[in-house]
Amino acid sequence: MSKFKHFVALAFCAASLVAVSTQATAEQRFNQVSLRAEVSHDVAHDLMNVTLFSESQNTDPAKLANEITSALNSALAKANKVEGVTVSLGSRHSFPVYDNQGQKITTWRERAELNLESADFAKLSQLVADLQGDLKMSGMNFSIAEKTRKTHEDELIKLAVDAFKARAQLATNAVGGKGYKLVSLSLNSAGFQPPQPIMMRSMAAKGMADGVAVSEIEAGTSRVSVSADGTIEVQMP
């Protein structure tokens, strides 16, 4: 009988500990408020990306491939001589062209792309003008370099934390608290480029001599933001 009483006593103690633990957990969640603060900067684009392409067709796929390869090799040779420009090959594909009945192949068409990137907009614009005698431009866009983005994000982190503290104090005052404790905080960064047309104006330059004007670029900006999401526990008087 004494053993049974001892077992009951232990079971009761264990149940009491669980109850205390559950009560403590509930108390930790008491008077908690979730908050969010966000700060942002508009950052000028400092990278220019241009995609050029060569496209042609021929009844002989081998001759067509040689033609496209020759055009790319010529463009690569010119582009690789320009310092400060990163050059890479893009997608390349060929496909058959059928007759009106869709049964017989009449010719072959092939397209290959060349990607150019640089922080020197004027130099890249001149190179694009020089290459457009052999290639065509399919796209131009601008972005923020990774190093530039990180520098601005680092600056925004402190501002985001300060903004979160200000909002936490505001919430504490609003509910009549005497202070607060920080329960959790997470920092997140994001970049947003608002839709905008790419502005290009013809510039009187040596590219004009070849019949292709060099473009003066308006690169625009992207918004870099850092948000602070967290939870505080308001201490009531």
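The values are calculated or read from the model by the stated rules, or taken from the named source; none is laboratory data. In this text, all values refer to a predicted model and were calculated from it rather than measured experimentally. A quick note on method: Cβ atoms are made from the backbone with ideal geometry, for glycine too, and the neighbour counts reach across all protein chains shown.
What single numbered condition from (1) of a type in the set (Val, Ile, Thr); (2) closer than 30 Å to Val43 by Cα; (3) not in a strand (DSSP E or B) fails to hold for Thr86?
(3)
Could you check region 131-151 and list, in sequence order, the residues that are crowded, with 19+ Cβ neighbours inside 10 Å and either in a helix (DSSP H, G or I) or polar (S, T, N, Q) (or both)?
The answer is Leu131, and nothing else.
List the residue pairs whose Cβ atoms are under 9 Å apart, where the first residue sits in region 164-186 and is free of Cβ contacts under 8 Å to residues at least 40 places away in the same chain, the second is among the aromatic types (Phe, Trp, Tyr), and the two are 6 or more positions apart or on different chains.
These pairs meet every condition: Gln169/Tyr180.
Of the residues that make up region 134-150, is at least one touching a helix residue (DSSP H, G or I) at 6+ places or on another chain (Cβ under 6 Å) and either of a type in the set (Val, Ile, Thr) or in the same structural domain as Gln57 (by TED's automatic domain parsing) (or both)?
yes
Hey, could you check region 111-122 for residues that are of a type outside the set (Gly, Ala, Ser) and within 17 Å of Ser143 (Cβ to Cβ) and say which is surrounded by the most Cβ atoms within 10 Å (Cβ to Cβ)?
Filtering first and then ranking leaves Leu116.
Give me the residue from region 126-161 that is out of contact with any strand residue (DSSP E or B) (no Cβ under 8 Å at 6 or more places or on another chain) and not acidic (Asp, Glu) and, out of that set, nearest to Ser74 (Cα to Cα).
If we take residues in region 126-161 being out of contact with any strand residue (DSSP E or B) (no Cβ under 8 Å at 6 or more places or on another chain) and not acidic (Asp, Glu), then Gly133 is nearest to Ser74 (Cα to Cα).
Exactly one of (1) at pLDDT below 95; (2) closer than 21 Å to Ser54 by Cα; (3) outside any strand (DSSP E or B) is unmet by Asn66. Its number?
Unmet for Asn66, out of (1) at pLDDT below 95; (2) closer than 21 Å to Ser54 by Cα; (3) outside any strand (DSSP E or B): (1).
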